Amino acid sequence: MYDAHSERASVYLAALKGDWKSVKDMPNIQREINKKRETTLHIAAAANQENFVKNLVNVMSSDDQKAVNTVGNTALTYAVTTENVNIAKVMLDKNQDLEKLRSGVRPLFMAAVLRHSQMVQFLYSWRKVSQWCGNEQDELFITCVKGDLYGKHK
């Protein structure tokens with residue numbers, strides 16, 4: 001008998017622990033796996049499981065990465081919280097539009113609020129001036145100044 005709840009729990013734990021081997025042959029690995037509508041990619045990114053994320057991104061479509069949780073955040077926003085630029089790069093290499101999505105907390109702003117200067121620099125380098133809307137540049141500047149990030153380079 002198929003137990004969807006048990007399978008989602010297995011996928012969730014594998015993503016959390018970075019256990020790619022246990023799920024790599026499952027169909028439909030990238031899916032919503034909890035009530036917050038978080039996907040396998042959300043969980044692996046939040047858990048800073050770089051190799052799991054790389055493997056998962058390789059087998060999913062770029063559109064699958066656009067999945068948002070109940071508050072509108074993509075897995076890229078979760079990746080930003082870990083300060084792991086490599087995870088963000090893997091995601092953006094597959095789908096360059098992820099940083100531009102207008103739902104939830106924007107990854108660049110999340111990085112600035114969390115004072116993750118390397119992530120801010122990395123994500124900022126992906127944006128073109130023509131992609132900024134309204135007063136976003138002003139808001140980012142103010143957020144960086146408040147977070148003591150302005151003018152700092154590592």
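For the reader, a short list of remarks on this structure follows.
- Among residues of segment 59-69 being in contact (Cβ under 8 Å) with a residue 24 or more places away in the chain and out of contact with any helix residue (DSSP H, G or I) (no Cβ under 8 Å at 6 or more places or on another chain), the one that is surrounded by the most Cβ atoms within 10 Å (Cβ to Cβ) is VAL68.
- Entry remark, segment 37-59: residues being of a type in the set (S, T, N, Q), in contact with a Ser or Thr (Cβ under 7 Å, 6 or more places away or on another chain) and at pLDDT below 95 number 0 in total.
- Of the listed requirements (1) modelled with pLDDT under 90; (2) aliphatic (A, V, I, L, M); (3) within 19 Å of GLY104 (Cα to Cα), ILE29 misses just one: (3).
The values are calculated or read from the model by the stated rules, or taken from the named source; none is laboratory data. If you're wondering where the values come from, they're calculated on a predicted model, not measured in any experiment. Because the Cβ atoms are built from the backbone with ideal geometry, glycine has one as well, and the counts that use them run over all protein chains shown.
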